Amino acid sequence: MQFNGTIRKMRVTAQPSQTAQYILPIGEQEVPMNALIGQQLTVNFMDKILCVHCGTKTKTSFNQGYCYRCLTRLAQCDSCIIKPELCHYDAGTCREPSWGETHCLQDHFVYLANTGTVKVGITRQVSSGVSSRWLDQGASQAVAILRVQNRLISGLVESAMKAHIADKTNWRTMLKAQPDKVDLMALKQKLLAKVEEELDDIQQEYGFQAIHFIDHDGVDISYPVERYPDKVKSINLDKEGSFTGILQGIKGQYLLLDGDRVINLRKYSGYDLRIEY
């Protein structure tokens, strides 16, 4: 079988305690990736990149799929996406106020996730108990701990918490094994106690309704992986142009191949590929 076209990040869904299911959009088609595990894949970069927003051909991809023009003009590419505590909408400098109203002025969830080490993070949705953000990060466990009024407040809460716990995923650690389980509920209580004063300050400034303490049982997530790499070797399509290998698993947005090789497909959103198996 052969598929051709520009790719987007893999869509991934999972129910609690069930194996994550992956679909790769490529061109006008969708490839069910779980079914390809154990098979040999050949991937060729066709030397064309189209911006995932405007569709313009670009020599260089920025921020996982955008052309430079979109990078500098879209609110979704602004620095406050990475640092929501510096919200441009709140500061009155949002590039697209209507986009900010739709995406930022809504409830967000603060969570703890086990991605090899425990981290704090924020997400907009926890549908069916599992956030797509947890899946994209390769979390094996996660629990939502707070619901907050908007993205700015989620950033302020996360900033207070990251003084006590990591806020980044170590992707190499995440890919090397299914991590040991940790007691996220106990960690949640310890963390909330450490930031109690900061949370009180946020509520005093933004109102009592700014932060809601929620009961979430937490979820366990498994991934379709037959073998984890012993030593992670990242494939760079821009340099290598193509690769062939046995697909041994999928975790986060990464394909795990024989020879301890991995590739982050999300990084190549907008790339025109030919995939054969």
Name the residue, out of 81, 26, 37, that is buried (at least 16 other Cβ atoms within 10 Å of the Cβ), in contact with a Pro (Cβ under 7 Å, 6 or more places away or on another chain) and not basic (Lys, Arg). 37
Quick one: how many residues across region 34-54 are touching a residue at least 24 places away in the same chain (Cβ under 8 Å) and either outside any strand (DSSP E or B) or more than 30 Å from residue 222 (Cβ to Cβ) (or both)? 14
For residue 233, indicate whether it is free of Cβ contacts under 8 Å to residues at least 12 places away in the same chain and surrounded by fewer than 17 Cβ atoms within 10 Å (Cβ to Cβ). no
Name the residue that is farthest from residue 24 (Cα to Cα), counting only residues in region 209-226 that are touching a strand residue (DSSP E or B) at 6+ places or on another chain (Cβ under 9 Å), charged (D, E, K, R) and surrounded by fewer than 13 Cβ atoms within 10 Å (Cβ to Cβ). 217
Criterion first (part of a strand (DSSP E or B) and modelled with pLDDT of 95 or more) does residue 200 satisfy it? no
Would you pick out the residues in region 83-108 that are among the charged types (D, E, K, R), touching a residue at least 24 places away in the same chain (Cβ under 8 Å) and not in a loop (DSSP other than H, G, I, E, B)? 85, 90
Out of curiosity, is residue 162 out of contact with any Phe, Trp or Tyr (no Cβ under 9 Å at 6 or more places or on another chain), surrounded by fewer than 17 Cβ atoms within 10 Å (Cβ to Cβ) and under 21 Å from residue 82 (Cβ atoms)? yes
Kindly evaluate residue 259 against the criterion of being buried (at least 16 other Cβ atoms within 10 Å of the Cβ), modelled with pLDDT of 95 or more and not acidic (Asp, Glu). no
Residues satisfying the stated conditions in region 203-244, i.e. in a loop (DSSP other than H, G, I, E, B), within 27 Å of residue 120 (Cα to Cα) and acidic (Asp, Glu): 215, 217, 230
Filter pass, residue 12 being surrounded by 14 or more Cβ atoms within 10 Å (Cβ to Cβ) and within 21 Å of residue 227 (Cα to Cα): yes
Take the residues in region 15-54 that are of a type in the set (Ser, Thr, Tyr) and modelled with pLDDT under 95; name whichever of them is farthest from residue 76 (Cα to Cα). 17
Quickly run through region 3-25 and pick out the residues that are assigned to a loop (DSSP other than H, G, I, E, B) and among the hydroxyl-bearing types (Ser, Thr, Tyr). 17
Taking the condition assigned to a loop (DSSP other than H, G, I, E, B), modelled with pLDDT of 95 or more and outside the structural domain of residue 146 (by TED's automatic domain parsing), does residue 72 pass? no
Quick one: in region 40-60, of everything that is of a type in the set (S, T, N, Q) and under 28 Å from residue 99 (Cβ atoms), which residue is surrounded by the most Cβ atoms within 10 Å (Cβ to Cβ)? 58
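The values are calculated or read from the model by the stated rules, or taken from the named source; none is laboratory data. None of these values were measured; they are calculated from a predicted model. A quick note on method: Cβ atoms are made from the backbone with ideal geometry, for glycine too, and the neighbour counts reach across all protein chains shown.
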